[in-house]
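The values are calculated or read from the model by the stated rules, or taken from the named source; none is laboratory data. Not measured: the values here are computed from a predicted model. Every residue, glycine as well, gets a Cβ built from its backbone with ideal geometry; the counts of neighbours run over all protein chains shown. Only protein heavy atoms, including side chains, enter the accessible area calculation; ligands, DNA and RNA are left aside. Shrake-Rupley method; radii C 1.70, N 1.55, O 1.52, S 1.80 Å.
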Amino acid sequence: MTTKIPAELVSDEVFGRRNLIINGDMRVAQRATSATVGPNGTGEGYQTLDRWQHGLNNAAVTTVSQSTTVPTGEGFANSMKIDVTTADTSVASSDFWLMTTKLEGQDLQRIKKGTSNAEKLTLSFWVRSTKTGVYVVELVDNDNSSRAVSLSYTIASADTWQKVELVFPADTTGAFDNDNNASLEISWWLIAGSNYSSGTLATTWGSQTDANRAVGQVNLFDSTSNEYYITGVQLEVGDNATPFEHLSYGEELSLCQRYYCVIAKMTTTDNNQLPIMNCSYYLTSRIFGVIHLPCQLRAAPSLEHATGTNYYRAFRSGASDYFDGFTGIEGHPNPISFAIYASSDISGTEGVAGWVETFNNAAYVAFDAEL
């Protein structure tokens, strides 16, 4: 006997993809599993876990890493860990530290923002820290003069995992653009100077006022004993938090590769060189190769690669060329296939074919289309 589910119970909150966050369980780390971040802007941007970046202006130094410390029995294998290695006990008025993920406007249309039917948003996550007290999460609408809203949560017990659920109000003003740009930013504050905390916390949507952004925020960085862990981040439409939406690793990786895609990356455990592409000698001093990516990128990417003496090798008929790095992307690349070339230390015969591989443990090639 088949039981039919009543139509009124069928919704996006129960079936289909609910989580708007990518890599909320902190499993994918294409760039690195650990990096030093700080002080005063050093190490800003995307350094470790995919889709998570850090923006900062303060004297603290931390190690940001992919950790295996997770809440027991919740199905998570990884978390993001922020470990304070140099403390900042004197909070200047302009100090801040934001851990941020950004979402494309075309993925946010179901929120119906800017209409009379605008939806509430529920953000849930697991968090643990040595530093107890009040923390703030801020949503920023980049499409409508930086409209923003902030909500606070309290870590009551040190070194104890807790689940946080925050329901953000609907906003009937200002629709998200239906495009591939960063329409919504979600930021976790970890320190906030008086420039950002001297007013009244902006718990309803409105024009962003700096003094109202992070009122009450504790200083995570006041001791080298402090650590902060987070995992299971989920943003969904409506005012109910549902269980975390676990995807397969392959699905999560593919979603991340839309923004950043590693083609070849050596490690200290690799015994052989890693192939990058087939190539041909367009000139005696220039090689070209075509790259086909595993998925379509968000936009035309920039080429990212390590450079150093003889980091790469081009094999050709009867010989090979060692070179330090790539020159760039040729022409106007589309988001899924394009040509890259090298013209330094190359010396071969026009028309000869070959292939290019890494030749140093620090060598890597990646393509960046991040928000």
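Do we have SER94 as among the polar types (S, T, N, Q) and within 24 Å of GLU44 (Cβ to Cβ) here? Yes; evaluated as a whole, the condition is true for this residue.
When region 149-169 is filtered for residues that are within 18 Å of GLU185 (Cβ to Cβ) and part of a loop (DSSP other than H, G, I, E, B), only PRO169 remains. Where the second residue is outside any strand (DSSP E or B) and hydrophobic (A, V, I, L, M, F, W, C) and the first is touching a residue at least 12 places away in the same chain (Cβ under 8 Å) and within 22 Å of GLN234 (Cα to Cα) and lies in region 188-204, which pairs have Cβ atoms under 8 Å and are six or more apart or on separate chains? Within 8 Å, the pairs are TRP189/ALA214; LEU190/LEU220; LEU190/PHE221. From the list ILE346, ILE291, the one residue that fits, being closer than 30 Å to LEU103 by Cα and in contact (Cβ under 8 Å) with a residue 60 or more places away in the chain, is ILE291.
Test SER79 against the stated conditions and say whether it is of a type in the set (Ser, Thr, Tyr), under 24 Å from ARG258 (Cβ atoms) and open to solvent by less than 20 Å² (accessible area, probe 1.4 Å). For SER79, the condition - of a type in the set (Ser, Thr, Tyr), under 24 Å from ARG258 (Cβ atoms) and open to solvent by less than 20 Å² (accessible area, probe 1.4 Å) - is met. Checked against (1) within 27 Å of the chain's Cα centre (by Cα); (2) surrounded by fewer than 15 Cβ atoms within 10 Å (Cβ to Cβ); (3) modelled with pLDDT under 95; (4) not aliphatic (A, V, I, L, M), ASN271 passes all but a single condition, namely (1).
I need the full set of residues from region 23-62 which are surrounded by 17 or more Cβ atoms within 10 Å (Cβ to Cβ) and assigned to a strand (DSSP E or B), in order please. Within region 23-62, ALA35, VAL37, GLN53, HIS54, LEU56, ASN57, VAL61, THR62 qualify.
Note on region 63-76: among residues that are open to solvent by less than 40 Å² (accessible area, probe 1.4 Å) and part of a loop (DSSP other than H, G, I, E, B), the one that is farthest from PHE96 (Cα to Cα) is PHE76. For region 195-208, filtering for residues that are under 20 Å from GLY114 (Cα atoms) and surrounded by fewer than 15 Cβ atoms within 10 Å (Cβ to Cβ) leaves 4. Among the conditions (1) touching a residue at least 60 places away in the same chain (Cβ under 8 Å); (2) more than 16 Å from ILE230 (Cβ to Cβ), the only one that ASN144 does not satisfy is (1).
ASN178 - would you say it is at pLDDT 95 or above, in contact with a helix residue (DSSP H, G or I) (Cβ under 9 Å, 6 or more places away or on another chain) and not in a loop (DSSP other than H, G, I, E, B)? No. Note on region 310-340: residues that are under 23 Å from CYS295 (Cα atoms), among the hydroxyl-bearing types (Ser, Thr, Tyr) and surrounded by 18 or more Cβ atoms within 10 Å (Cβ to Cβ) total 0. Filtered by the rule that a residue be part of a strand (DSSP E or B) and either buried (at least 21 other Cβ atoms within 10 Å of the Cβ) or free of Cβ contacts under 8 Å to residues at least 12 places away in the same chain (or both), region 235-262 gives LEU235, GLU236, TYR260, CYS261. Counted as qualifying within region 309-371 are the strands (runs of 3 or more DSSP E) with 3 or more residues that are among the small types (Gly, Ala, Ser) and on the phi < 0 side of the Ramachandran plot, namely 337-342.
Test each condition in (1) touching a residue at least 40 places away in the same chain (Cβ under 8 Å); (2) part of a loop (DSSP other than H, G, I, E, B); (3) more than 29 Å from SER93 (Cβ to Cβ) for ALA214 and report the one that comes out false. Unmet condition: (3).
The number of residues in region 149-174 being small (Gly, Ala, Ser) and open to solvent by less than 10 Å² (accessible area, probe 1.4 Å) comes to 1.
Within region 96-147, the set of residues being touching a Gly at 6+ places or on another chain (Cβ under 6 Å), open to solvent by less than 10 Å² (accessible area, probe 1.4 Å) and in a loop (DSSP other than H, G, I, E, B) is empty.
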